[in-house]
Each structure stands twice: as structure tokens, then as C-alpha cells.
Amino acid sequence: MVTDTPLSHIPIFRSLDPEALGALAAIMTRQQIPANEMVFWIGDPAGPLYVVDSGQVAITAPDEDGDHVLLETVGPGGVFGEISFLDGGPRSATARAVTDTVLLVLPREAFHTFLLQRPDVSIGILQIMGARQRASTATIRGLKNPNAVIAETATIWQRVSDIIAAVAASQAFTIIHVAWFGIWILLNVAGANGLLPESLAFDPYPFGLLTLIVSLEAIFLSIFVLVSQNRQAERDRIRTDLDHHVNVKAHLELINIIQRLERIEQAVTGSRSQ
């Protein structure tokens, strides 16, 4: 039993008086976890609440490719496993010791008995969970739109390239060029054939000057378009990463919903059989 471990440094138990801390320490056990060893896997049955006395524990969950995504790293004084500890459902994530870790283990049944005597501890748990939810909400609110982040970090060259690429793709750009080429060719053809003053035939057929100007314009436009496309590819990559994280979150939520439905079905089936 953890009779010699002070619990006052743990936020969830900080408001308890020494007598309550001693009673709580008496029902907790100490567990040493070597580095890189699993504490529990996602989907495991509900179990005890874990408090990190020393070391670090990584909380991960699998994505659609089966790779584990880091959700949180819990250090000394941190609590994990509280979701299934409270609702009795399967573990919603995987916990792995990052370093050699010492955990304080609080069994569910013993803690329920303790809560009947000290309900203020349950208030502490709700406060911790509320603080975590508030921190997650603040983090989400603090996230910037990827387009805004890229726009803030863009150089002058990149911004100019975006503007030129956007102008080159516009309808007005095409109409202006059609009109320009038409007038250019018409003046030179008419001037060369005597329909207009010969001085207007400044670039007779095969229009070498026009060809040179258009070639140079095409070279520079292609450069600007390539720069703009690279930035668009970066935007798409960021959006893909964000979509990936959203899909992971949705995947975890679906797992939790399915597990809850299975527990409801088992409970309904059990009540009917009785």
C-alpha cells in the first residue's frame, strides 16, 4: 500500500485534508513500469485510475492506418485512465511508459467506497476533467486557418507570383491579349498591303517582334505560375494533415460510440433474460 507517499502534490487530491490523504493512500498501490512498456491497450476492460508519481506516460490512439498518434504526455502528478474508470467502459486509448515510471494505482471499487465517505474528491475529478476540456477548447480556438498561416509567412516574391498567376488566369487577361494580338496583326497586315499608312506596319509578317514579346511573357508567366502552384501544393498538404487529424478524432469517437452501444445491448439482453 502507498502509506508513505504524500499525495498533496497531485492536483486532483490537493484539496483533501491530511486525514483524507492518508485514507486514500491506504487504498492505493504502487506500480513500477519500465520504459516503453504498455500500461494498458485501447479496448481493454475498465480498470483502475493511474496517477503518475514519477516518469512520463504517453497516451496514444491508432489512426486509420494503424499507426499510433500521440494524444498527450502525462508527467508527475498527472492522471490518466479516468474515462473508463468513471463510466466503466473499455479503455479509449493506449498508455505506454516513455521512461521508467512509478504509478499510483487506485482500484475502482475501493475508490467508489472512498467517495461515499469523501464526495469532495469526485468534485476534484470533475474540475480536472473540466480543465482538460477547457484547455482543448482553447487550443482549438487558437488554431489558425492554414491559408492565413501561409499568407502571413509569404515573401514578397511569393505574393507577387500569386497575384500575377491569378491575373493570368482571369477572363480579362485573355480578352486583353486577344484584342492586343488582333489589333497588332491587323495593323501590320493592313499597313503592309497599303490599306493603312505603311508606317503602321512596324512588325510585318511573320511578326517577329510580337513572337519575341509573347515568348518572353510566356517564360515569365510560367515561372510565376510554378511558384504559385508550389504554394498551393503546400496549402493542400496542410489541409490534408488537418483532415487526417480530424479523421483520427472521428475514428476514436466512433469506437467509443460503438463500445457504448455494445454495453447498452448487453445490459438490455441481460435484463430480458432475467
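The set of residues from region 23-41 being touching a residue at least 40 places away in the same chain (Cβ under 8 Å), farther than 17 Å from THR101 by Cβ and buried (at least 16 other Cβ atoms within 10 Å of the Cβ) comprises LEU24, ILE27. Only one of the numbered conditions (1) part of a loop (DSSP other than H, G, I, E, B); (2) under 30 Å from GLN266 (Cβ atoms); (3) at pLDDT 85 or above is not met by ALA46, and that is (3). Within region 20-41, does at least one residue satisfy the condition of being under 13 Å from VAL105 (Cβ atoms), under 38 Å from the mean Cα position of the chain (by Cα), modelled with pLDDT under 85 and outside any loop (DSSP other than H, G, I, E, B)? Scanning region 20-41, I find at least one residue that is under 13 Å from VAL105 (Cβ atoms), under 38 Å from the mean Cα position of the chain (by Cα), modelled with pLDDT under 85 and outside any loop (DSSP other than H, G, I, E, B), so the answer is yes.
In this structure, ALA179 does not qualify as without any contact (Cβ under 8 Å) to a residue 24 or more places away in the chain, of a type in the set (Gly, Ala, Ser) and either in contact with a helix residue (DSSP H, G or I) (Cβ under 6 Å, 6 or more places away or on another chain) or at positive phi (or both). Which count do you get for residues in region 156-175 that are of a type outside the set (A, V, I, L, M) and either touching a residue at least 12 places away in the same chain (Cβ under 8 Å) or surrounded by 17 or more Cβ atoms within 10 Å (Cβ to Cβ) (or both)? Adding up the residues that qualify gives 4. Against the test of being in a strand (DSSP E or B), modelled with pLDDT of 80 or more and outside the structural domain of ARG231 (by TED's automatic domain parsing), the options LEU103, LEU70 yield a single qualifying residue, LEU103. Looking at GLY182, GLY194, just one residue is of a type in the set (Gly, Ala, Ser), surrounded by fewer than 10 Cβ atoms within 10 Å (Cβ to Cβ) and either at pLDDT 90 or above or assigned by TED's automatic domain parsing to the domain that holds ASN230 (or both), and that residue is GLY194.
The values are calculated or read from the model by the stated rules, or taken from the named source; none is laboratory data. Being a predicted model, the structure only gives us computed values, none of them experimental. Glycine gets a Cβ as well: all are built from the backbone with ideal geometry, and neighbour counts include every protein chain shown.
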